[in-house]
Amino acid sequence: MAIDINQLPVTPDDVSAEDFDNYVDASEFPPPLADGTYTLKPLKVEFDLREAQNGNPAVLVAILGHEAFDDSGNSLGKLSFDRISDKVFLRSDVKVSMMADQLRAWGDSQRYSSKQEKALAIKAHVEAGDTFKAVTKREAFCNHKDTSHEVTDSKKGWTVKGNKIPDGATEMECPVCKKQVRVNSKVDRRIPK
Ligand SMILES: [Zn+2]
């Protein structure tokens, strides 16, 4: 329901006021990295723990941000929000995890058992500036937010990947809700060292 402007508070907002002395204007995002194989250097890592529920064990999640380099060592840009977890799944009938893939890409094949050991190992590799090789793929995703098509389960959203995205595209139009969504580069496969 709309509110009459005359009813709005006239006292100053102090707690969350904008910082006009150091204001940062929104800028265009850089074009996503072309699909390819790069050397990635993690710049930071944060951890999250998804509690055990519905009979599924707890899952440790690491959220990494990387800088990408070509074979000559030239910086090409950044990849943000690279999420890896220790959730076990089957690959050719063998139990694996994305977190173990990441450690092996660093050349670390130690068998960490506790979540704390895994997190400490990842943190140590990031802090040491250890690089790894990975294949990246561009991806655009839409959950049709704020439209009548909105979904809460990301698996039910619209996704387009890799060479289905035109070269150089920074945005794609979602065919479901017609919104423009950003194209991001994501780590598709980590290469064991
Ligand atoms: Zn959409």
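Laboratory data are not the source of any read-out in this text; all were calculated from the coordinates shown. This is a predicted model, so every value here is computed, not measured. Here the Cβ positions follow ideal geometry from the backbone for every residue, glycine too, while neighbour counts run over all protein chains shown.
Brief remarks follow.
- Rel. contact order, % - alpha carbon contacts under 8 angstrom, at least six apart, the range 27-175: 25
- Label-point separation in nm, residue 23 to residue 10, each point 7 Å along Cα→Cβ: 2.5
- What the Cβ-Cβ distance of residue 120 and residue 154 gives, at R0 = 22 Å and to the nearest 0.05, is a FRET efficiency of 0.15.
- Of the trypsin sites (Lys or Arg not before Pro) in the range 146-179, those whose Cβ has at most 11 other Cβ within 10 Å and which sit in DSSP loop: 178
- Distance histogram in 5 Å bins (all Cα pairs of the range 138-191, percent per bin): 4, 20, 29, 22, 14, 7, 2, 1, 0
- Calculated on the Cα set of the range 72-182, radius of gyration then Dmax: 17.9, 48 Å.
- Between the range 157-186 and the range 98-125, the alpha-carbon centres lie 32 Å apart.
- Amide hydrogen proximity for residue 35: with H placed 1.01 Å from N in the peptide plane, the residues at 5 or more positions away or on another chain lying under 5 Å are 138.
- Net charge of Cβ neighbours under 13 Å - reference residue 169; Lys, Arg +1; Asp, Glu -1: -1
- For the range 1-87, GluC sites (Glu not before Pro) meeting the loop criterion (DSSP other than H, G, I, E, B) and having at most 12 other Cβ atoms within 10 Å: 18, 28, 51.
- Under the simplified labelling scheme, the residue 164-residue 80 pair shows an inter-label distance of 2.5 nm, with each label point 7 Å from Cα along Cα→Cβ.
- Volume in Å³ per residue [convex hull over Cα atoms, computed for the chain]: 227
- Value at 222 nm in deg cm²/dmol, rounded to 500, when DSSP H runs of n ≥ 4 in the chain each add -39,500 (n - 2.57): -3000 deg cm²/dmol
- Crossing angle, helix 115-127 versus the chain [Cα axis fit, 0-90 degrees, rounded to tens]: 80
- Selected from 19, 35, 108 as most flexible by GNM, with the chain as the system and alpha-carbon contacts under 10 Å: 19
- Residues in the range 66-95 reached by a label modelled at residue 182 [backbone nitrogen below 17 Å; 7 Å Cα→Cβ]: 66-68, 77-83
- Difference of contour (0.36 nm per residue) and Cα-Cα distance, residue 47 to residue 69: 5.5 nm
- Fluctuation leader among 31, 12, 166 - the chain, Gaussian network, Cα springs under 10 angstrom: 12
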